[in-house]
Structure formats: structure tokens, C-alpha cells
């Protein structure tokens, strides 16, 4: 009679907190492309990924640094940047004949109004069909940065320099964020 431990060691990526294999298998079994959105401390990445014979195949990718090359002066990982990055990814996906996908948020919690859902809205607004419920999407004014502009209007000059120093260094007045958002969205539309 064989003896041994009944304890099973989890896969390395699960131990490291990088992959939830049960959720991943559900997404892979759908047989659809995945809209993978990852938000780091500095950037947003949106990708369209298919499952291939030799692993995942990235069909299309967009990075918030691409927005900066287009003239984006706002933050690279805020809600507006998440929307615009996924909007760019959605436009690229349509060029590659990808019409629909399912959202893959990885190990992030599903919280109403989270940046990942702003990215989901951006991909859908670009024309990509990614199913979602309206209740989880951040409000339009939050996506466009209108709440940031309103907050900036309530500050005096010294407080604004302290709170929005990075925006000001890049040459963007925080009160102009909604207009700047629309400018970049229009540039993406023309690409």
C-alpha cells in the first residue's frame, strides 16, 4: 500500500498570486477572444488574446504609452487613460477583424466603477462587442475626468500646484482634462 501526502502543491503562478486557473479555464472554454486589461502602478495595457495550440496568442495590444505618443498629457494609469487605451485596442481589433471578446480582469476584484470597467466601456465604444452590465461602468463624467476638473476649480493656486504637479509639469491644466480627453479620443478615431 502506497503512502504519501494527500496535500497537493498549487501551481507556481497560483502560489505567486498571478493566475486563477479555475476562472481562466472558464474563459478559455468559451472559445472567444479575450479582452485582457491589466493596470499597473504606472500604465494600462489592453490586449486581445486568443488561445492557441502552443499557448496564448496576442492578436492586438495597446499600451497607455501609445497615448502619450499621441499627445496625452494626463496620467498613464487613471480612469481616462484606461478608457482611451482600450478604445485604441478596440479600434486595432476591428482592423484585425476581431468583432467580439469577453473581459478578462485577472485577479482584480470586480468592483463597481473600477478602472478595468472604464476600459471595457472604451473597447465597446470603439465597436468591439464585449458583454457587460451598465451598473458596473463608471459614470461618463468620471471617464472624461470632469470630476478632476471640478475638484481643480475648487483649489487655490498653491493647492493646485501641490495636488496636480505632474499634470502642470506636462503642460496640462487639470481644468482642461475633459477637453483634452476628447482631443485624444478624436485622434484615436482618425488612426
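The values are calculated or read from the model by the stated rules, or taken from the named source; none is laboratory data. Given the structure is predicted, the values throughout are model-derived calculations rather than measurements. Every residue, glycine among them, receives a Cβ derived from its backbone with ideal geometry; neighbour counts consider all protein chains shown.
Here are a few things to note about the model shown:
- Scanning region 28-53 for residues that are touching a helix residue (DSSP H, G or I) at 6+ places or on another chain (Cβ under 6 Å) and either modelled with pLDDT of 95 or more or closer than 18 Å to residue 114 by Cα (or both) yields 35, 37, 39, 43, 44, 46, 48.
- Meets criteria (surrounded by 15 or more Cβ atoms within 10 Å (Cβ to Cβ) and part of a loop (DSSP other than H, G, I, E, B)) for residue 32: yes
- Hey, residue 124 over 18 Å from the mean Cα position of the chain (by Cα) and either in a helix (DSSP H, G or I) or closer than 18 Å to residue 34 by Cβ (or both) or not: no
- Among (1) free of Cβ contacts under 8 Å to residues at least 40 places away in the same chain; (2) within 14 Å of the chain's Cα centre (by Cα); (3) not in a loop (DSSP other than H, G, I, E, B) - the single one residue 84 does not satisfy: (1)
- Look at region 47-64: where a residue is surrounded by 16 or more Cβ atoms within 10 Å (Cβ to Cβ) and a partner is assigned to a strand (DSSP E or B) and modelled with pLDDT under 90, sitting 6+ places away or on another chain with Cβ atoms under 7 Å, you get 49/56.
- Residue count for region 4-27, restricted to those that are within 22 Å of residue 62 (Cβ to Cβ) and either modelled with pLDDT of 90 or more or in a helix (DSSP H, G or I) (or both): 2
Results for (1) within 30 Å of residue 20 (Cα to Cα); (2) exposed (fewer than 14 other Cβ atoms within 10 Å of the Cβ); (3) out of contact with any strand residue (DSSP E or B) (no Cβ under 9 Å at 6 or more places or on another chain), shown as yes or no for each residue.
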position: 115; (1), (2), (3): yes, no, no
position: 121; (1), (2), (3): yes, no, yes
position: 130; (1), (2), (3): yes, no, no
position: 144; (1), (2), (3): no, no, yes
position: 166; (1), (2), (3): no, yes, yes
position: 169; (1), (2), (3): no, yes, yes
position: 174; (1), (2), (3): no, no, yes
position: 182; (1), (2), (3): no, yes, yes
position: 188; (1), (2), (3): no, no, yes
